[in-house]
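Asker: Below: one structure in structure tokens.
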Amino acid sequence: MQFQQLQYFVAVAEARHFTRAAERVHVSQPSLSQQIRSLEKELGAELFSRARGNIALTDAGEALLPLARRILADADTARHEVQELAQLRRGRVRLGATPSVCTGLLPDVLRVFHDLHPGIELLVEESGSHDLVRELARGALDLALVVLPLPTPSPALTTVELLREDLVVVSSAASRAPRRPVRIADLQGEPLVMFRHGYDLRELTVAACRAEGFEPAFTVEGGEMDAVLGFVRAGLGLAVVPRMVAAQAGRDLRVTALARPGLRRTIALAHRSDVAPPRAARELQRLLLRTRAAARQQPAATDA
């Protein structure tokens, strides 16, 4: 049974005339009649009674008509749904990102994407790079913004460097933290507010301190980005955060640069190598890559 045969059958059933039905579906009358006969042969039953030139549905035709209409309607719906997706009127993007990227980079990018494609649903999962890599590998995410190098290198993932970002020290506006750039070694003995385990920033900061020969002292640990910034505002200690986050943190925090060579991190856009991201995800990917040059332009150092 062919889809086209059902179209011709419904046209004849509604017109009750082979010639008028053929005109409606834009084929010749002999071609339409041949397709109807082929359909009847396949089904093993006559669909129309053709006595004395009058066209009427047989019992088999009456039984097939609502089913044929439903099939044609479902096909039309399917065509419409696919066209909507292809033209980005509907769809979904599952995006993973580290919490600091969610705070610093994503809001503006997602606003632009939403303005361009308001029918696309955006699902954002906030987690550390290790968890995001695992979610990508199992197909739970379409794209992820992760910190390089990956905790566990995976040939199944494709990564494209998006931006490199300086890390800075933030402290309470009322603190006596120095305004000049500080070295990592200067953090020895200073109270630090530290992120939870699994945070890329935690691992990077702790590793830098240990490279200088000391263990960092934590007054509070275990928080997410917003909580850490709140604890710093309350005067509980210092924190090392991305410059992009610090730039948006408000005037109630003092931002101090790290002296050279300082600390930097690399943000990359990752997706599975074996599966192409959906169309909507590819559009977001293109937007992120287009904004890469602008995102790489770091704000001027702020020491107050």
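Asker: Would you be able to tell me the number of residues in the stretch 260-283 that are open to solvent by less than 30 Å² (accessible area, probe 1.4 Å), touching a helix residue (DSSP H, G or I) at 6+ places or on another chain (Cβ under 8 Å) and of a type in the set (Gly, Ala, Ser)?
Answerer: Here the count works out to 2.
Asker: Select from the stretch 5-42 the residues that are within 19 Å of Ala75 (Cβ to Cβ) and touching a residue at least 40 places away in the same chain (Cβ under 8 Å) and write down the one among them that is most open to solvent (accessible area, probe 1.4 Å).
Answerer: Only one residue fits best here, namely Glu42.
Asker: Among the listed residues Gly235, Gly198, Gly222, which satisfies the condition of being more than 15 Å from Val168 (Cβ to Cβ), surrounded by fewer than 17 Cβ atoms within 10 Å (Cβ to Cβ) and touching a Phe, Trp or Tyr at 6+ places or on another chain (Cβ under 9 Å)?
Answerer: Sole residue among the options that is more than 15 Å from Val168 (Cβ to Cβ), surrounded by fewer than 17 Cβ atoms within 10 Å (Cβ to Cβ) and touching a Phe, Trp or Tyr at 6+ places or on another chain (Cβ under 9 Å): Gly222.
Asker: Hey, does the stretch 127-149 have a residue that's within 25 Å of Ala276 (Cβ to Cβ), over 18 Å from the mean Cα position of the chain (by Cα) and assigned to a strand (DSSP E or B)?
Answerer: yes
Asker: While we're on this one: Look at the stretch 100-140 and say how many of its residues are more than 16 Å from Arg282 (Cα to Cα) and buried (at least 21 other Cβ atoms within 10 Å of the Cβ).
Answerer: Total meeting the criteria: 10.
Asker: I'd like the full set of residues that are under 14 Å from the mean Cα position of the chain (by Cα) and buried (at least 18 other Cβ atoms within 10 Å of the Cβ), limited to the stretch 86-99.
Answerer: Residues satisfying the conditions are Gly91, Val93, Arg94, Leu95, Gly96, Ala97, Thr98.
Asker: Report, ordered by the first and then the second residue, all pairs with beta carbons closer than 7 Å, sequence separation of six or more or different chains, a first member in the stretch 63-79 that is in contact (Cβ under 8 Å) with a residue 60 or more places away in the chain, and a second member that is open to solvent by less than 80 Å² (accessible area, probe 1.4 Å) and part of a helix (DSSP H, G or I).
Answerer: These pairs meet every condition: Ala68/Leu6; Ala68/Phe9; Ala68/Val10; Ile71/Leu6; Leu72/Leu6; Leu72/Gln7; Leu72/Val10.
Asker: Got a number for residues in the stretch 199-214 being in contact (Cβ under 8 Å) with a residue 40 or more places away in the chain and either in contact with a His (Cβ under 9 Å, 6 or more places away or on another chain) or part of a loop (DSSP other than H, G, I, E, B) (or both)?
Answerer: 2
Asker: Moving on. If you check Arg196 against the conditions, is it touching a Gly at 6+ places or on another chain (Cβ under 8 Å), without any contact (Cβ under 8 Å) to a residue 40 or more places away in the chain and either over 17 Å from Ser129 (Cα atoms) or basic (Lys, Arg) (or both)? If you could, list the steps in order and put the result at the bottom.
Answerer: Details: touching a Gly at 6+ places or on another chain (Cβ under 8 Å): yes; without any contact (Cβ under 8 Å) to a residue 40 or more places away in the chain: yes; either over 17 Å from Ser129 (Cα atoms) or basic (Lys, Arg) (or both): yes.
When the stated conditions are applied, Arg196 passes them.
The values are calculated or read from the model by the stated rules, or taken from the named source; none is laboratory data. Computed from a predicted model, the values in this text were never measured in an experiment. Here the Cβ is made from the backbone with ideal geometry for all residues, glycine too, and neighbour counts use every protein chain on show. The area values use the complete protein model at the heavy-atom level, side chains included, leaving out ligands, DNA and RNA. Shrake-Rupley method; radii C 1.70, N 1.55, O 1.52, S 1.80 Å.
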